[in-house]
């Protein structure tokens, strides 16, 4: 059975793959989580998916932009993220 | 005769029904509800395991294809918008591209929003055409005015040098010579 760390690594990789496929466009966080829930088996909980996103953000693999008018952030992959795949 | 397995029944659905099934699964309808829908709409009995197998085989690929389509839709809109230099500034072009992408990637996007975005781009094209028509009409007017002025040049000179006329009178008379009486 996969350990939690293996699952985290797999989940983070999926985040990077989804964002890489967006080809430079920003993906709203809710769409990103929806896609992770469809692509990762078993589907991650909301907090698990958010934890993968935050980890990648704080380590510079993805970058988020938040609208000045509020709302959830939108994400894109960084060069470091592309190199990690 | 053995009954066909329920997973092979799903794999053998017509393309249109497979696409519909993909849509249900990708838009987050739970398996147990999809099972009911499949029975009702396609008259096919299936199992949760068969739906899971179908998902793994078809939906993951469809999800990736959908992201690619979203990128290409956004790129198409950007191409259309960028073909009108000066119509939109760079920040607006970026915002339009991003909006097109978000609408295309979101299976729950309201088709009206997608339509509005395309209409905005098309409206800008119409505006270009009407501006061009105004420009052509102005060019024609300038040409006609020059032609009329040449035809009555001696009279215009006479009006211009007539010291008994005020500036306003001179303008009125010159206009009359060039274009005739004002329409009622």
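The condition of being in contact with a helix residue (DSSP H, G or I) (Cβ under 9 Å, 6 or more places away or on another chain) and at pLDDT 80 or above holds for only one of B:182, B:122, B:156, that being B:156.
Okay, residues lined up against (1) modelled with pLDDT of 90 or more; (2) within 11 Å of chain B (Cβ to nearest Cβ); (3) in contact with a helix residue (DSSP H, G or I) (Cβ under 6 Å, 6 or more places away or on another chain); (4) not in a helix (DSSP H, G or I):
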| position | (1), (2), (3), (4) |
| --- | --- |
| A:10 | yes, no, no, no |
| A:23 | no, yes, yes, yes |
| A:30 | no, yes, no, no |
| A:35 | no, yes, yes, no |
| A:48 | yes, no, no, no |
| A:51 | yes, no, no, no |
| A:68 | no, no, no, yes |
| A:72 | no, no, yes, yes |
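In this entry, residue B:169 passes the filter for residues that are over 30 Å from residue A:34 (Cα atoms), at pLDDT 80 or above and away from chain A (no Cβ under 14 Å).
Scanning segment A:53-66 for residues that are part of a loop (DSSP other than H, G, I, E, B) and either surrounded by 14 or more Cβ atoms within 10 Å (Cβ to Cβ) or in contact with a strand residue (DSSP E or B) (Cβ under 9 Å, 6 or more places away or on another chain) (or both) yields A:61, A:66.
Being touching a helix residue (DSSP H, G or I) at 6+ places or on another chain (Cβ under 9 Å) and either modelled with pLDDT under 80 or within 14 Å of chain A (Cβ to nearest Cβ) (or both) is the requirement here; does residue B:89 meet it? If you could, list the steps in order and put the result at the bottom.
Details: touching a helix residue (DSSP H, G or I) at 6+ places or on another chain (Cβ under 9 Å): no; either modelled with pLDDT under 80 or within 14 Å of chain A (Cβ to nearest Cβ) (or both): yes.
No, not satisfied.
Against the conditions (1) within 13 Å of chain B (Cβ to nearest Cβ); (2) exposed (fewer than 15 other Cβ atoms within 10 Å of the Cβ); (3) touching a helix residue (DSSP H, G or I) at 6+ places or on another chain (Cβ under 8 Å); (4) within 25 Å of residue B:59 (Cα to Cα), residue A:42 satisfies every one except (3).
Condition first: in a loop (DSSP other than H, G, I, E, B) and exposed (fewer than 15 other Cβ atoms within 10 Å of the Cβ). Now tell me which residues in segment B:5-28 satisfy that. B:5, B:12, B:14, B:27, B:28 - these are the residues of segment B:5-28 that are in a loop (DSSP other than H, G, I, E, B) and exposed (fewer than 15 other Cβ atoms within 10 Å of the Cβ).
Rundown of residues vs (1) at pLDDT 80 or above; (2) within 12 Å of chain A (Cβ to nearest Cβ), yes/no style:
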| site | (1), (2) |
| --- | --- |
| B:26 | no, yes |
| B:32 | yes, no |
| B:41 | yes, no |
| B:44 | yes, no |
| B:48 | yes, no |
| B:62 | no, yes |
| B:75 | yes, yes |
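Could you list, in sequence order, all residues of segment A:74-85 that are loosely packed, with under 15 Cβ neighbours inside 10 Å and not in a helix (DSSP H, G or I)? Scanning segment A:74-85 gives a single hit, A:85.
The values are calculated or read from the model by the stated rules, or taken from the named source; none is laboratory data. Every value quoted in this text rests on a predicted model; they were computed, and no experiment measured them. When we count neighbours, we look across all protein chains shown, and the Cβ atoms used for this are built from the backbone with ideal geometry, even at glycine.
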